[in-house]
Structures are given as C-alpha cells and as structure tokens.
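Shown next, in structure tokens, is the structure this report addresses.
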Amino acid sequence: MREYAYLRPSDPAQAVAAVSEDPDARFLAGGTNLVDHLKLGITAPGLLVDVRRLPLDAIEQTADGLRIGANVLNSDLAADRAVRTGWPLVARALLAGASGQIRNQATTGGNLVQRTRCVYFQDRTTPCNKREPGSGCSADHEQAYGRYNAILGASEHCVTVHPSDLAVALAACEATVEVLGTAGPREVAIEDLHRLPGDEPERDTTLGHGELITGIRLQRSPVLERSTYVKVRDRASFAFALVSVAAGIELDDAGLVRDVRLAWGGVAHKPWRAAVAEDALRGSPLSETAVREAAEAELAQARPAPGAAYKMAMVRNATVLALRRLVPDVLGDVRGDVRGESEEER
Ligand SMILES: Cc1cc2nc3c(=O)[nH]c(=O)nc-3n(C[C@H](O)[C@H](O)[C@H](O)COP(=O)(O)OP(=O)(O)OC[C@H]3O[C@@H](n4cnc5c(N)ncnc54)[C@H](O)[C@@H]3O)c2cc1C
C-alpha cells in the first residue's frame, strides 16, 4: 500500500480547498468503501482529507421537509422518526444495505459516492475501463458474473450497475443534493448526480474533483408517506441488489393513481427512475395488470444480455410486490417474503 498524507480540516471549505488543489487527494468519510479500495490497490491517493468530523451530522426539519447532513450515519438516518414516518422508503433502503456494523460507520455522503462492486473493477489483474480508462471491459455476459450486469443504459465500455440502495430511494424522493466547491455551494437534483457510463465509465457522478457533498434535502409529499423499498438479493445481509424497487403511491378518492414514484436499483449504472412506468400509471385505476404493463413499457428500453435477462421478470415482479405492500386492499395481500429479505426490514 502506498504511503499517504492525512489531513483533518475543521471546516468544509478547508476540506474542499485541500482536495481541489491536489489531483492526488481524496475525501475520506466512514472509510467503509475507500479503505477497502486502498487495500485492494484500486486507488492510491497521496492525500486523504478526513471529512468525517466536519459538522455535517444533523437531521433538521425544514419548511417543506428535511435536511440531512452528509455525515449523518446510515444507522442514524434509518432510525430517525421523521424519516421513518415521512420517507419510509429511505429507512427501508438503508436497512436493506450492508450490515448493522457497517451502517454504524457509513455516512450519507459516502454512501452516494461509493463505487461499483463489479468483480472486474475490484480485481486489479483484469482490464476495466472504470478503474483504468481505455484498458477494456472484462465483463463476459455469458459467464457467472454476467448475472450482475446492467439491463438498462449500459455502453460497450461498461456494463456494471450502481451499488447504493439509499441512492435508489432518494431518486424516488426527487432529493436535492447540496454540494460545496471552490466556487461556492450549488445544488444538484439526485437524478443528475449519477451518470450512465457512455464512453467515460470512470466518471460515476457529475461531481468535479474536490466537490464535497454537504447535505441532502427531502421534500415532504403524500406519495412518499406511503412508500417502501423492496430488494432482491442472493442472501439476507452483505449482499447488493440483484434488483431493487423504491416505490411510493397516492390514490385519489375514486381509487385512481394520483401520484406514483418508482425507481429501480441493480439494473443500470445509476439509480433508474422508471418515469415511463410512472406516466403509464398516473391517473389510471390501479391493478396488477396495469402495474405489469407499466413496468413492461419501461423495460422496452432494456437491452439485456442473456446472463442478466432474468432481471427483466425480477424487476417487474418486485415492482408489483412493492406496490402490493403499499395498497394490499387494491392489489391483494402479499404472500411470502422476498428472497433474502432480513428480519429488521419486514
Ligand atoms: C461488506 C459490505 C456490504 C455492503 N453492502 C451494501 C449494500 O447492500 N447496499 C449499499 O447501498 N451499500 C452497501 N455497502 C456499501 C456501504 O454502504 C458504503 O461503503 C458506505 O455507505 C460508504 O460510506 P463511507 O462514509 O464509509 O464512505 P467512504 O468509504 O469514506 O467514501 C466512499 C467514497 O465517497 C467519497 N466521499 C465520502 N464522503 C463524501 C462527501 N461528503 N462528498 C463527496 N465525496 C465523498 C470518498 O472520497 C470515496 O470516494 C456495503 C459495504 C460493505 C463493506
């Protein structure tokens, strides 16, 4: 492991200045992703700027919702009463991720900027365009690992998927990300934070070097009060999503869908807002057939390789299951659990 310098600035502007001035510097928060990468040799920064103790750890009520500091721990965010009542999909997404120990260390900001779990990205002995631009992509769609690949929005340069459960829930919330750079603060819609790989798969997000996430803002809405997160995975903990669905719904007095939010995880290089499916459902009577057809309409854009084609049916079924949990009186009760769902999420 390369030796690195370590800096613990006392305010966010100092942290931003330190990283911006040095192309070889990185922010360090809880370290649950970055320290693994140091050990694996995926990254070897010359300077680590520790942002974990910056005063960005409050959850505050705002006029129309909540502001969550970037250093709020995943465990604290999942346990927060306001989050659990106003944005249950956020709490559920967090509880579906990692393990209790990791959630006690991982931060909100670091969670959003965590990097892909693609085996080839994490294995320095294999070419990977994300780790080493221009080196090629080792992903073989027909081999066992092909089952983890994207089915939407992939490019010939990268077929991996985004790992964060929280980011998928925040996509359904239409969260706003607060960012600090050398030019001052700016806001980014969560939709615009993560990107599709295109021909620059090395760029996971639209953040510039040295830009620090300082907080997240959530707007209160009835569609998010009745919301949930369903994650399908290989085992109950320490497993990333094969597919996941963040869903919220609001019905009017006549039983028509007044509003609906759907975002999918495990299917693309970024959280996938299922806007086509939402449009198909809005204003219509809710039924299982309508949900299946809406998901199908969204999946018209999918280009699954054979190894990952099973995700088509899986994400469609997980979408039905998520909405069923929210409106069992309309869509019918849920029988059985999602494979691998842990006790604390139920
Ligand atoms: C075994 C295991 C299982 C896991 N399972 C899941 C899972 O199922 N679902 C899931 O969603 N996650 C999972 N995770 C990932 C975990 O959630 C992330 O590692 C964690 O959220 C990262 O937060 P951190 O504070 O530790 O970030 P760090 O590791 O400190 O940093 C991660 C990245 O974010 C950057 N960064 C940190 N803070 C900021 C900031 N404020 N602004 C800009 N950049 C910043 C760092 O420079 C670094 O590039 C798992 C991790 C492990 C080790």
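The values are calculated or read from the model by the stated rules, or taken from the named source; none is laboratory data. Quick caveat, the model's predicted, so the values are computed rather than measured. Cβ atoms come from the backbone with ideal geometry, glycine included; neighbour counts cover every protein chain shown. To get the accessible areas, we keep the full protein, side chains included, count just its heavy atoms, and leave off ligands, DNA and RNA. Shrake-Rupley method; radii C 1.70, N 1.55, O 1.52, S 1.80 Å.
Summary table below
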| read-out | value |
| --- | --- |
| Surface accessible to a 1.4 Å probe, Arg220 within the full protein complex, Å² | 110 |
| GNM result for the chain, Cα springs below 10 Å: residue of His37, His269, His194 fluctuating most strongly | His37 |
| For region 206-346: rounded, prolate or oblate by the Cα gyration tensor [a/c cutoff 1.5] | rounded |
| Candidates per trypsin sites (Lys or Arg not before Pro) in region 5-74, loop by DSSP, up to 16 other Cβ within 10 Å | Arg53 |
| CD proxy at 222 nm, helix term only [per DSSP H run n ≥ 4: -39500 (n - 2.57); per residue of the chain; nearest 500] | -7500 deg cm²/dmol |
| Charge tally in the Cβ shell below 14 Å around Leu38, where Lys, Arg are +1 and Asp, Glu are -1, Leu38 excluded | +2 |
| Normalised per residue, the volume of the convex hull around the Cα set of region 5-50 (Å³) | 62 |
| Partners for Lys311 among aspartates and glutamates (Cα-Cα distance below 14 Å; same-chain residues under 8 apart left out) | Asp234, Glu296, Glu298 |
| Within the chain, longest stretch free of exposed chymotrypsin sites (Phe, Trp or Tyr not before Pro) [DSSP loop, at most 16 other beta carbons within 10 Å] | 5-237 |
| Kirkwood hydrodynamic radius over Cα pairs of the chain, then Stokes diffusion coefficient at 4 °C and 1.567 mPa s, in µm²/s | 63 |
| Mean accessible surface per residue for region 223-327, computed with a 1.4 Å probe while every protein chain stays in place, in Å² | 36 |
| Region 13-63, dipole about Cα centre (Lys/Arg Cβ +1, Asp/Glu Cβ -1), debye to the nearest 20 | 140 |
| Which of Cys118, Cys158 is most accessible, then next, and so on - probe 1.4 Å | Cys118, Cys158 |
| Area accessible to solvent at Thr125, 1.4 Å probe radius, in Å² | 120 |
